[in-house]
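In what follows, a single structure is set out as structure tokens and then discussed.
The values are calculated or read from the model by the stated rules, or taken from the named source; none is laboratory data. None of the values given here were measured: they were computed from a predicted structure. So basically every Cβ, Gly included, is an ideal-geometry build from the backbone, and we count neighbours across all protein chains shown.
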Amino acid sequence: MNIFNNPYKTTESWTAQGAIIQYYIAGQEADKIPLMISDLQIGYGQQQTPFYPLNTDSTGASKRVVIKGAPQGSLSMTSIYCPTPGKIKEFLATAARDCVVAGEDMIITVRPFGDIKCGNESVTEAPVITLTGVELATIGFSIASGAVTMVNMPLSFSFTNMEID
């Protein structure tokens, strides 16, 4: 007799070791984003407006038409700023360029779960999210005192295309 009618017969364990987040200019080599990121959020959407025509077709039926706009993406991350910033200045200069020509846009890739290993093998099927046309929109700093003083640097980006591999 199965007590409680439990549908779970086996258990699987997954390791969730953060994410690998890289950036590069199209055609160049990828580099890790030089920030201690504590939060990352991606949004991608397309404005849609329904249109209900007053006239009908030859059969007397009406149809709803949806007018769609260009997709728009937003990326926000909260990072911890440290006293030895390393390549942060280079990363910010790349993300905040005033003049970006076609083919030289910034690309950010996010690999959730980091480098997953199950047993002796790496899991290569983990999804990779690729954001293209990334541009820095806002940057901020907040300093919170306490037992440990934290310097947070929230960043907001816009992007034009998202692919999930």
When residues of the range 1-38 are limited to those that are in a loop (DSSP other than H, G, I, E, B) and of a type in the set (Ser, Thr, Tyr), the one nearest to the chain's Cα centre (by Cα): THR15
Subset tally (residues that are small (Gly, Ala, Ser) and surrounded by fewer than 10 Cβ atoms within 10 Å (Cβ to Cβ)) for the range 22-45: 1
Within the range 46-79, considering residues that are surrounded by 10 or more Cβ atoms within 10 Å (Cβ to Cβ) and at pLDDT below 90, the one farthest from GLU135 (Cα to Cα): THR56
Selection count, the range 111-153, where residues are surrounded by 13 or more Cβ atoms within 10 Å (Cβ to Cβ), β-branched (Val, Ile, Thr), at pLDDT below 95 and outside any loop (DSSP other than H, G, I, E, B): 1
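Let's see how each residue does on (1) farther than 29 Å from GLN17 by Cβ; (2) touching a residue at least 24 places away in the same chain (Cβ under 8 Å):
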{"position": "TYR44", "(1), (2)": "no, yes"}
{"position": "PRO53", "(1), (2)": "yes, no"}
{"position": "SER62", "(1), (2)": "yes, no"}
{"position": "ALA70", "(1), (2)": "yes, yes"}
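Out of all the residues in the range 80-94, is one or more assigned to a strand (DSSP E or B), in contact (Cβ under 8 Å) with a residue 40 or more places away in the chain and surrounded by fewer than 14 Cβ atoms within 10 Å (Cβ to Cβ)?
yes
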Residue match in the range 60-74 (condition: within 25 Å of ARG111 (Cβ to Cβ) and among the hydrophobic types (A, V, I, L, M, F, W, C)): no
Any hit, the range 20-37, residues being without any contact (Cβ under 8 Å) to a residue 12 or more places away in the chain and of a type outside the set (Phe, Trp, Tyr): yes
Which numbered condition GLN48 misses (of (1) under 30 Å from SER13 (Cα atoms); (2) of a type in the set (S, T, N, Q); (3) without any contact (Cβ under 8 Å) to a residue 60 or more places away in the chain): (1)
Failed item in (1) surrounded by 10 or more Cβ atoms within 10 Å (Cβ to Cβ); (2) closer than 24 Å to ILE88 by Cα, with THR15 passing the rest: (2)
